[in-house]
Every structure is written in C-alpha cells, then in structure tokens.
Amino acid sequence: MINYKAVLDNISKAVEPLSGQGRNADYIPALANVNPDKFGMCIVTTGGKSFETGDSAERFSLQSISKVFALAVCLSLRGESLWKRVGKEPSGTAFNSLVQLEVEHGVPRNPFINAGALVLADIMLTSLEHPEEDFIAFVRELCGSSTVNYNLEVACSERKTAYLNAAIANLLKFHSNIECDVERVLDFYTKICSIEMNCKELAKAFLAFANHKEKFSYAGVSLTSSQVKRMNAIMQTCGFYDEAGEFSYLVGLPGKSGVGGGIAAIYPGCYSVAVWSPRLNSKGNSIMGMKALELLTTETMESIF
Ligand code: GLN
C-alpha cells in the first residue's frame, strides 16, 4: 500500500523551486488579489481515506473546473442529444478562443471550452426550474459540503470585464445555439465559475467520477456508468484546452483545470486528487499543480497508461 501522505509531503517540497513562476489570472480582477504562493493538495480514495498537504483546507475559485459539473447536469437532462449542440473533440485552442466557433457555425468543439460551457449554461437555464439553486444543490451533494457556494464578488468582477465571453455568447446566439437572453446566460455562466471549494471538497466531488462503476445520483442528477466513463474520456481529451496533450503526456489521468489555479484529476477505480496553486502558465493552467500531478503519477506509477 502506497503511503500517500508521505508522497504528498514530498511533492509539496519538490515543487517549491517553481514558486514565483507564472502569475494569477488577473483578467478576472478579483482573482488577481489571491495570494499567489498558496499550494494545497488532497487525495480521496474510493475506500474512503483522505490524505492532504499544504493549504488543502482553504477554498479557492473553481472557474472552469465547474464545467465538469455543468456537463454532468446537461448529460443527465439531455442524454445523447446534447451532442447536437456541442462537440466532443479537443479544440487545440485557448479556452476563450472564438476562431473555431465562427468556422464551425456556432457549434463549440467541446463542453470544456468557454463556448461549450456557455451552451451548457443555456441548456440548464431552459430546463431547470431554479437554475442557480438546483445547480448548487447538486454540487453540494457531490462534494458533501452544504456550505459550498457561489462567490458573487468574483462573479460580478468577472462579469464586468467579460467582453470575450460576451462575444462568444453573441456568436452562439447568432447561430441559434443559445435560446435564452445572452445576458442571462453570461450571468449564470460566471456564477457557475465562481463556486469555491477547498482541495478536499474538490477531490470529494470528483470521487463520483473515479467511482464510475458505482451509481451516480446526486440531487436529482443521475448518470449511467457508461455516461460517467464517457465524461472521463472528455476530461482526458479536452480538460486542459490547448495543453490537453501535454497534461496527458506528463500526468496520464483524466482531469480538469481552472484559472483559479485548481486542477482535479481521477485515477479511475482508485482515487480522485485535487491540487491548488494560483500561479498559471500561458495556457491558463497551474504551473505547480501540473508539476505536482506529474510527480504523483511518476512516483506512484499510477496512471491510466
Ligand atoms: N470564468 C473563466 C472564463 O470564462 C473560466 C476560464 C477557465 O477557468 N479556464 O474566462
């Protein structure tokens, strides 16, 4: 049996030389103020054990990691017909790119780039009776914490400067791939991104994806094992935008990053892991977070490959 606590403590020392590299996502003003030198990591096993190191109990902004929860809700609502409105191919472009969306007539490449998640937000707005309440109820049940919430200050701060996301949403609307009012979709999307969790809560939330052979049913959101397996496939191929290949090469686990500096990943059947360090590389992924996960799968020899 691997001593995960010792592995995590070693990793937290090994990534120290990287501190100072990269910077916070300052295009969202509220995230620029987060202490850039935080580092936390937590593993939660399918057997119910958890192992932590560093600032693992401090909450941070999930940002694009929430897109995984949005996909779970939309797959449960729409099933396979979801794929008429959003693709499942890696984009190879930045998370906020407009380039493919124009050429591909308003059908986003995948649900984990901003364009795709804006479509997911629209689907939830048209299908859920109380979108904000229903979504957070699902996320709370998934992570087992009733205090997890939207951070409206972060959401407002992003919303005020969301010019690029507004352009994407308008292009989607032009192509009739958004039904609701564009402003409402942007509001809900930024709220979804503003949800905060700590590493332990995030690892717990992703355990349901690591446990893909178990029943997935949380606050009315139900998925079959096959659907969870397929969500993991999309995390593997699309979870890191134009660095999905690099993450797959270095780490070898399905996962999802966010510009808050968090990364959640799963080792199917065994554990989920969350890591947080706010300093990002040029692709918007956490520098220390990626290194920490690379060290984890290298040291333990546990990856899907
Ligand atoms: N809310 C962020 C945005 O739309 C999410 C991006 C991310 O985490 N990659 O720009």
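Points to keep in mind about this one:
- Kirkwood-Stokes translational diffusion coefficient of region 236-283, alpha-carbon pairs, 10 °C, 1.306 mPa s, µm²/s: 145
- Diffusion constant of region 1-130 at 4 °C, which comes from Stokes-Einstein with the Kirkwood Cα-pair radius and 1.567 mPa s, µm²/s: 73
- Choice from Pro278, Pro36, Pro111 with maximal GNM fluctuation in the chain (Cα, 10 Å cutoff): Pro36
- Solvent-free Debye scattering, log10 I(q)/I(0), computed from the Cα coordinates of the chain at q = 0.09, 0.14, 0.15 Å⁻¹: -0.38, -0.98, -1.15
- When you work out D = kT/(6 pi eta Rh) for region 184-242 at 4 °C and 1.567 mPa s, using the Kirkwood radius from C-alpha pairs as Rh and the Stokes-Einstein form, the result is 97 µm²/s.
- Isolated Cys in the chain, by beta carbon distance under 4.7 Å: Cys74, Cys143, Cys156, Cys180, Cys193, Cys238, Cys270
- The chain, helix-only ellipticity at 222 nm - DSSP H runs n ≥ 4, -39,500 (n - 2.57), divided by all residues, nearest 500: -14000 deg cm²/dmol
- Evaluating 6.51 cos²θ - 1.76 cosθ + 1.60 at θ = phi - 60° for every residue in region 217-232, the Karplus couplings come out as 8, 9, 6, x, 9, 10, 10, 7, 4, 5, 5, 5, 4, 6, 4, 4 Hz, glycine and proline recorded as x.
- Principal axis box of region 112-240, alpha-carbon based, largest edge first, Å: 40, 30, 30
- Multiplying each eigenvalue of the alpha-carbon gyration tensor of region 204-288 by 5 and taking the square root yields semi-axes of 24, 13, 11 Å, largest first, rounded to whole angstroms.
- Across the accessible surface of the chain, with the other protein chains kept in place and a 1.4 Å probe, carbon and sulfur atoms take up 52 percent.
- Two-decimal log10 I(q)/I(0) for region 100-185, as the Debye equation yields it once each C-alpha is a single scatterer, q = 0.15, 0.24, 0.25 Å⁻¹: -0.63, -1.23, -1.27
- Among Cys270, Met288, Asn96 the positive-end extreme of the charge dipole of the chain (Cβ point charges): Cys270
- Space enclosed by the convex hull of the alpha-carbon atoms of region 164-305, per residue, Å³: 135
- Surface exposure of the chain, expressed per residue as accessible area with a 1.4 Å probe, stands at 40 Å².
The values are calculated or read from the model by the stated rules, or taken from the named source; none is laboratory data. From a predicted model like this one, the values you see are computed outputs, not experimental measurements. As a convention, Cβ positions derive from the backbone with ideal geometry for all residues, glycine included, and neighbour counts pool all protein chains shown. Only protein heavy atoms, including side chains, enter the accessible area calculation; ligands, DNA and RNA are left aside. Shrake-Rupley method; radii C 1.70, N 1.55, O 1.52, S 1.80 Å.
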